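The values are calculated or read from the model by the stated rules, or taken from the named source; none is laboratory data. Because the structure is a prediction, the values reported are computed rather than measured. In this analysis, Cβ positions are derived from the backbone assuming ideal geometry, glycine residues included, and neighbour counts consider all displayed protein chains.
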Amino acid sequence: MTGLAATSFFPAAVQAAADGNPLYFILGAVCGLLPDTLDFRFARFFHRHTLEVILDPNQPDPAMIADAVAQAVALAVARTAPVTLKLNTARLGANAWQAYTVFFDRPQSRVVATCTGPVTTGSAPLPDSAVPAAARHATSTRKLAAGIVTDGDPEVKVDIFDGPTLRFYKRASGELGMEFLPWHRAWSHSLALAAMTGGVLVAIWSWTAGLVACAAWSAHVLADQLGHMGANLGYPFTRHRINGARLHHAGDGWPNLITVWASGLLILWNLARLTPASPPSPALLPLLVWGGVVPLFAAWSVDRLLARRG
Amino acid sequence: MDTLTCFFGSAATAIIAAMLGACLGAFVPSLHILNLLAVLALAAQSALAAGAPFPPEAMIVAVAAFLTSWSLANTIPAVLAAAPDEGALFTVLPGQRYLMEGRGAEAVWLTVLGGVGGLGLLLSGLPFAVRLLPPLHAILRPHYGWIIWVVIVFMLLSEWPKGNYPGPAGWRKWMRGWRGLGAGLLTFLLSGMLGMILMYRSPLPPEQAFQNLMPAFVGLFGVPGLLFALIAHPQIPAQHQPRTLALPPRLWFRGAAAGALGGAVAAFLPVVTAGVGGLLAGHATATRDERVFLVSQGASKTVYYVGALLLLFVPGLEIVRGGAAWMLTGLYAPQPAADSGLAIGSVALAAAVTLLLMPVLLRLTLALVTRLGSRRLALAALALLLVLVGGLTGLPGLFVMAVASGIGLIPLLYDSRRLNALGVILLPLALNRSAAGPVVARWLGLF
């Protein structure tokens with residue numbers, strides 16, 4: 001939606017759409033989704049890892065997990081190049097996965113691996129009786145060669161579908177840093193790349209196409225930057241992700257809804273004012289207040305009220 | 001007719017239609033509401049032609065009540081008669097996972113409660129909708145074409161690989177991940193081409209044009225699941241009837257609100273369906289909890305069906321969305337201001353009747369599922385579909401259904417999103433709205 005909202009600010013795109021040419025809005029939609037599409041459909045499969053944890057789902061051994069993490073950290077301390085560790089999930093059955101967590105205890109320079117028991121594909125805990133007997137809820141701790149500075153939550157959860165990748169690297173301060181999902185937002189979420197894509201489209205298509213692509217791509221990147229993970233905004237000129245504003249988590253409902261709702265209102269406002277023969281455009285501020293703040297506040301109030309009642 | 005007779009007559013019509021809709025919804029799996037409404041419309045037309053003594057406004061009551069109760073009760077077969085095979089279980093919807101955990105009844109109740117919550121939100125939002133929708137439609141009218149296109153883009157680009165992929169990075173791993181994604185794209189493309197053929201050179205005779213898409217829908221969405229149940233023969237575990245539901249009011253509200261939002265968007269936009277509405281709402285609100293997901297799906301489906309019908313009664317809007325509305329306008333031209341009370345009352349009454357019937361319907365269906373087992377249940381449903389499709393559309397319809405079933409099997413075999421089969425309506429209509437439909441039809445040699 002942020003990509004479409006950005007597209008709707010271009011009069012030529014709106015007028016073309018009203019005349020039956022949807023290409024600029026399709027371009028805006030594609031470029032608005034492309035950063036995540038590139039990561040989740042391509043980059044993740046080509047990101048090489050140095051070590052990987054393949055857990056026996058029926059005999060989950062937290063010591064093996066902790067050993068693998070400790071080994072990865074020791075390698076990262078010994079080498080100049082970063083070390084990447086893939087924590088694979090362990091599928092127990094059709095609808096059951098063996099979940100585990102890896103906690104980086106920075107003050108004590110140690111890692112705590114815990115097998116947290118079987119869960120369903122919806123991440124709901126399964127009773128132990130639902131799966132073959134095994135060592136469950138077991139914990140193992142290993143001393144690490146260095147304290148780890150994580151770029152987000154110090155506890156990494158591994159449960160369903162594809163497991164996360166962790167990248168250990170030496171920071172400028174000499175400490176060892178840990179990057180969660182190093183393939184995500186590494187190069188695809190770059191404002192520079194968005195500008196370059198726009199430049200290419202200006203050359204081969206039109207100014208409007210170039211600007212739409214750049215704006216839609218950038219809108220996605222900037223919206224993501226409000227979260228925790230951050231992005232490598234300057235790729236190919238920069239090499240590392242910078243932290244996000246940490247205003248919300250990716251899975252939080254309200255920030256997502258507010259972003260989508262606000263984008264919808266902006267699209268509506270732009271379509272009304274930029275489409276020839278459209279009904280008079282509502283003023284932006286009353287539209288945002290009466291169409292956005294009031295209904296969302298009402299819904300939020302009901303949500304809070306119900307939360308208090310349990 | 002005096003007011004009292006009219007009132008009781010309407011109430012009786014609504015209750016009978018609601019009971020009929022609930023029973024058909026609960027016991028007839030894989031059949032679309034349009035097929036049932038087509039039969040209802042034919043019966044009504046015959047009755048009116050024979051001089052049956054009921055006012056034409058009764059059609060509003062009958063259709064609104066039937067649609068409401070069907071949309072709530074058809075959750076029962078959607079969950080209980082759609083047992084997936086063991087290997088596909090982790091990629092199917094939570095409803096089927098609940099079924100295979102013996103919690104099918106719980107999933108049904110969560111979905112139905114979502115539908116009721118969605119209806120509550122829909123009816124309470126009607127005063128605002130009456131004022132907001134006409135100007136909104138006026139603004140969006142020239143833009144519906146690209147909106148359909150971006151829905152397609154979102155559908156195709158928002159599906160992520162769902163497996164676990166150990167092993168070295170590289171092309172082999174990428175191909176494993178893309179197995180399902182590629183199947184999804186292929187499903188969309190093939191179903192879209194089928195839609196083009198049906199639109200430009202349908203093998204169905206012109207007198208059956210009103211059922212043009214029916215065999216394709218049955219083939220794409222109904223038959224594959226039943227074939228899978230026949231072949232894989234999944235064992236449905238014993239089902240438990242829950243005494244209480246672990247659903248805090250907050251989760252119910254969140255699910256119902258998210259689903260109602262998606263359903264309302266789907267009802268208002270042309271071509272977009274409840275499934276797409278649910279998908280959009282799920283993404284917009286970052287729905288994660290399975291209970292919230294089930295509630296939201298129930299709300300989205302009910303709000304989509306009922307909301308699209310109620311759009312007929314918004315003064316000044318003058319749009320017809322959804323098959324039920326098309327069917328109704330073929331029988332009677334509703335007067336938005338005068339008939340809206342009748343429609344809203346019928347919806348509310350039908351929802352109440354269906355809620356009262358639900359425990360009985362659910363118990364009966366569970367007994368049926370337990371007694372027959374998944375294979376015989378699938379066989380019976382398949383036979384019913386063959387009879388209905390064959391009876392309504394003849395051999396050409398059965399041929400279209402067979403082709404569509406082949407396409408509909410792809411997402412089941414390759415663990416991809418079944419929603420992609422909606423290409424059958426999305427692609428032809430998006431192309432036509434952009435004036436590219438005839439060009440593509442010519443490329444395909446359709447004229």
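Among the residues of the stretch A:144-186, write down those that are aliphatic (A, V, I, L, M), part of a loop (DSSP other than H, G, I, E, B) and under 15 Å from the mean Cα position of the chain (by Cα).
Once the filter is applied, which keeps residues that are aliphatic (A, V, I, L, M), part of a loop (DSSP other than H, G, I, E, B) and under 15 Å from the mean Cα position of the chain (by Cα), the stretch A:144-186 yields A:Leu181, A:Ala186.
Which condition does A:Ser173 not pass, out of (1) over 18 Å from A:Gly234 (Cβ atoms); (2) among the polar types (S, T, N, Q); (3) crowded, with 17+ Cβ neighbours inside 10 Å, if it passes all the others?
(3)
For the stretch B:410-428, give me each residue that is surrounded by fewer than 20 Cβ atoms within 10 Å (Cβ to Cβ) and closer than 22 Å to B:Ala274 by Cα. Working first, answer last.
We begin by selecting, within the stretch B:410-428, every residue surrounded by fewer than 20 Cβ atoms within 10 Å (Cβ to Cβ); these are B:413-415, B:418.
B:Asp415, B:Arg418 - these are the residues of the stretch B:410-428 that are surrounded by fewer than 20 Cβ atoms within 10 Å (Cβ to Cβ) and closer than 22 Å to B:Ala274 by Cα.
Give A:Arg241, A:Arg246 a once-over and let me know the one that is free of Cβ contacts under 8 Å to residues at least 40 places away in the same chain, among the basic types (Lys, Arg) and farther than 27 Å from A:Phe25 by Cβ.
Result of the check over A:Arg241, A:Arg246: A:Arg246.
Is it the case, given these coordinates, that B:Gly316 is under 22 Å from the mean Cα position of the chain (by Cα), over 23 Å from B:Gly423 (Cα atoms) and at pLDDT below 85?
No: the conditions fail for B:Gly316.
For the stretch B:338-352, give me each residue that is among the small types (Gly, Ala, Ser), crowded, with 17+ Cβ neighbours inside 10 Å and over 16 Å from B:Ser124 (Cα atoms).
B:Ala350, the sole residue that qualifies.
Among the residues of the stretch A:269-291, how many are surrounded by fewer than 18 Cβ atoms within 10 Å (Cβ to Cβ) and either under 23 Å from A:Ala215 (Cα atoms) or more than 30 Å from the chain's Cα centre (by Cα) (or both)?
13
Just one of B:Leu140, B:Leu136, B:Leu119, B:Leu132 is more than 11 Å from chain A (Cβ to nearest Cβ) and either surrounded by 22 or more Cβ atoms within 10 Å (Cβ to Cβ) or among the aliphatic types (A, V, I, L, M) (or both); which is it?
B:Leu119
Of all residues in the stretch B:258-275 being buried (at least 23 other Cβ atoms within 10 Å of the Cβ) and closer than 27 Å to B:Glu101 by Cα, which is modelled with the lowest pLDDT?
Selected residue: B:Ala274.
Test each condition in (1) within 14 Å of another protein chain (Cβ to nearest Cβ); (2) assigned to a loop (DSSP other than H, G, I, E, B) for B:Glu318 and report the one that comes out false.
Evaluating B:Glu318 over (1) within 14 Å of another protein chain (Cβ to nearest Cβ); (2) assigned to a loop (DSSP other than H, G, I, E, B) leaves (1) as the failure.
Is it the case that some residue within the stretch A:196-212 is closer than 30 Å to A:Val156 by Cβ, touching a residue at least 12 places away in the same chain (Cβ under 8 Å) and touching a Cys at 6+ places or on another chain (Cβ under 8 Å)?
At the first step, the residues of the stretch A:196-212 found to be closer than 30 Å to A:Val156 by Cβ are none.
No: the stretch A:196-212 contains no residue that is closer than 30 Å to A:Val156 by Cβ, touching a residue at least 12 places away in the same chain (Cβ under 8 Å) and touching a Cys at 6+ places or on another chain (Cβ under 8 Å).
Any idea how many residues of the stretch B:276-293 are over 15 Å from the mean Cα position of the chain (by Cα), more than 22 Å from A:Ala223 (Cβ to Cβ), crowded, with 22+ Cβ neighbours inside 10 Å and of a type outside the set (A, V, I, L, M, F, W, C)?
Residues that pass the stated criteria total 1.
Looking at this structure, is A:Asp67 part of a helix (DSSP H, G or I), touching a residue at least 40 places away in the same chain (Cβ under 8 Å), within 14 Å of chain B (Cβ to nearest Cβ) and of a type outside the set (Val, Ile, Thr)?
Against the criterion (part of a helix (DSSP H, G or I), touching a residue at least 40 places away in the same chain (Cβ under 8 Å), within 14 Å of chain B (Cβ to nearest Cβ) and of a type outside the set (Val, Ile, Thr)), A:Asp67 does not qualify.
When residues of the stretch A:234-252 are filtered for being crowded, with 18+ Cβ neighbours inside 10 Å and of a type in the set (Gly, Ala, Ser), how many remain?
Total meeting the criteria: 1.
Consider A:Ala231 carefully, then state whether it is among the small types (Gly, Ala, Ser), touching a His at 6+ places or on another chain (Cβ under 7 Å) and under 23 Å from A:Ala29 (Cα atoms). Don't jump to the end; show me each part of the working.
Numbers: among the small types (Gly, Ala, Ser): yes; touching a His at 6+ places or on another chain (Cβ under 7 Å): yes; under 23 Å from A:Ala29 (Cα atoms): yes.
Taking the combined requirement at face value, the residue satisfies it.
Looking at this structure, is A:Leu266 buried (at least 19 other Cβ atoms within 10 Å of the Cβ), in contact with a His (Cβ under 7 Å, 6 or more places away or on another chain) and either of a type in the set (Asp, Glu) or modelled with pLDDT of 85 or more (or both)?
For A:Leu266, the condition - buried (at least 19 other Cβ atoms within 10 Å of the Cβ), in contact with a His (Cβ under 7 Å, 6 or more places away or on another chain) and either of a type in the set (Asp, Glu) or modelled with pLDDT of 85 or more (or both) - is not met.
Being out of contact with any helix residue (DSSP H, G or I) (no Cβ under 6 Å at 6 or more places or on another chain) and under 26 Å from B:Ala380 (Cα atoms): is that true of B:Phe228 here?
Answer is no for this residue.
Is there any pair linking a residue in the stretch B:383-401 that is part of a helix (DSSP H, G or I) to one that is hydroxyl-bearing (Ser, Thr, Tyr), with Cβ under 9 Å and at least six apart or on different chains, and which?
Every condition considered, the pairs that remain are B:Leu384/B:Ser30; B:Leu385/B:Ser30; B:Pro396/B:Ser202; B:Val400/B:Ser202; B:Val400/B:Thr393; B:Met401/B:Thr393.
This table checks each residue for (1) within 14 Å of chain A (Cβ to nearest Cβ); (2) among the aliphatic types (A, V, I, L, M).
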residue: B:Ile148; (1), (2): yes, yes
residue: B:Phe154; (1), (2): yes, no
residue: B:Glu159; (1), (2): yes, no
residue: B:Gly167; (1), (2): yes, no
residue: B:Leu204; (1), (2): no, yes
residue: B:Leu213; (1), (2): no, yes
residue: B:Gly225; (1), (2): no, no
residue: B:Gln239; (1), (2): no, no
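All but one of (1) over 30 Å from A:Val14 (Cβ atoms); (2) of a type outside the set (Phe, Trp, Tyr); (3) in a loop (DSSP other than H, G, I, E, B); (4) more than 8 Å from chain A (Cβ to nearest Cβ) hold for B:Arg172; state the number of the condition that does not hold.
(3)
Out of B:Leu355, B:Leu294, B:Leu331, B:Leu342, report the one residue that is more than 30 Å from A:Ser123 (Cβ to Cβ) and either within 14 Å of chain A (Cβ to nearest Cβ) or modelled with pLDDT of 85 or more (or both).
Numbers: B:Leu294 fails: more than 30 Å from A:Ser123 (Cβ to Cβ); B:Leu331 fails: either within 14 Å of chain A (Cβ to nearest Cβ) or modelled with pLDDT of 85 or more (or both); B:Leu342 fails: either within 14 Å of chain A (Cβ to nearest Cβ) or modelled with pLDDT of 85 or more (or both).
Being more than 30 Å from A:Ser123 (Cβ to Cβ) and either within 14 Å of chain A (Cβ to nearest Cβ) or modelled with pLDDT of 85 or more (or both) holds for just one of B:Leu355, B:Leu294, B:Leu331, B:Leu342, which is B:Leu355.
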